[in-house]
Amino acid sequence: MNNGWQFPSGLSWPQNNMNNIEFICGDKSVLNNFPIVPAKDCLPEWYSKLSAKEDEVPTIAGCWPVRDIVTAGYIIKNVHEQELIAETDLSTNEEHIDRVVPVERIGQFMEVQNQMTAPEAFHTHSQCPVPIDGKKKSYVKITLPWKIKTPAGYSCLFVQPFWHFEQEFVIMPGIIDTDEFDLSQLNFPCYLKDPVKLLKPGEPLVQVIPFKREEWQHSLKFEEPTKQSKMNLFLHNMYKRAFHKKKSFQ
């Protein structure tokens, strides 16, 4: 009951202007067991345990540029256990990758995934002929049953989760125009750093960061360095208080 009170002419309740990103899954088991989550809810374990100060010394947990990138966007998780095994052909120094995946009966958990992890889902070294760690790497594609839809004019950056420090394999980054892309699965090429990588269910695999496509041009100019800054107004949390703007991914 508002006792007859009304908004003045021309005014209205504030509207929710947040953009919406849709994560659409073709496998109910994946949707229920390994949903895509905001990156802020899937922080690296070491980072989540770190205090802003340790023994009165500031740590990286209090660095807002790092916090912004580690919490940006969303995390796609691996959805079933698979083992990637690299073997090197000594005659060519080219590395080849085999994949071992679980096999379930039709109708059981991850039925769709069994159809998506075909052994031919690989790229040879000749398709990306860059020597890595002194070897001619081959590349394997990890395929997941997700389709992502963003508003018109928005794309997504796909990259290995920042500050997780994965040591065994590397996801190759890329950008997809997710407002137009209409396939019901995503492919993430990667290469191994260790001879064997066991991908576990629920393991953070890819960080997805939506962004608006805009045209840019650059310019160059000289400016004398200065020590003047808004940060000089504060004693503590200078960057946060002087410059930081809130980002939100729900």
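The values are calculated or read from the model by the stated rules, or taken from the named source; none is laboratory data. Remember, predicted model here, so these are calculated numbers, not experimental data. Methodologically, a virtual Cβ is constructed for each residue, glycine included, from the backbone with ideal geometry; neighbour enumeration extends over all protein chains shown.
At a glance:
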quantity	calculated
In segment 189-218, the residues that are of a type in the set (Val, Ile, Thr) and under 19 Å from ASP179 (Cβ atoms)	VAL206, VAL208, ILE209
Extreme residue, nearest to ASN33 (Cα to Cα), among residues of segment 121-132 that are without any contact (Cβ under 8 Å) to a residue 40 or more places away in the chain and surrounded by 16 or more Cβ atoms within 10 Å (Cβ to Cβ)	PHE122
Per-region count, segment 133-181, residues at pLDDT 95 or above, charged (D, E, K, R) and either in a strand (DSSP E or B) or surrounded by fewer than 16 Cβ atoms within 10 Å (Cβ to Cβ) (or both)	4
Scope segment 183-227; condition among the charged types (D, E, K, R), surrounded by 10 or more Cβ atoms within 10 Å (Cβ to Cβ) and over 29 Å from ALA152 (Cβ atoms); matching residues	LYS193, ASP194, LYS197, LYS200, GLU203
Matching residues in segment 194-221 - criterion: being assigned to a loop (DSSP other than H, G, I, E, B) and touching a strand residue (DSSP E or B) at 6+ places or on another chain (Cβ under 6 Å)	PRO195, GLY202, ARG213
Pair list, Cβ under 9 Å, 6 or more apart: segment 78-98 residue at positive phi and without any contact (Cβ under 8 Å) to a residue 40 or more places away in the chain, other residue outside any strand (DSSP E or B) and of a type in the set (Ser, Thr, Tyr)	none
Failed item, numbered, when ILE75 is tested on (1) at pLDDT 90 or above; (2) over 14 Å from the mean Cα position of the chain (by Cα)	(2)
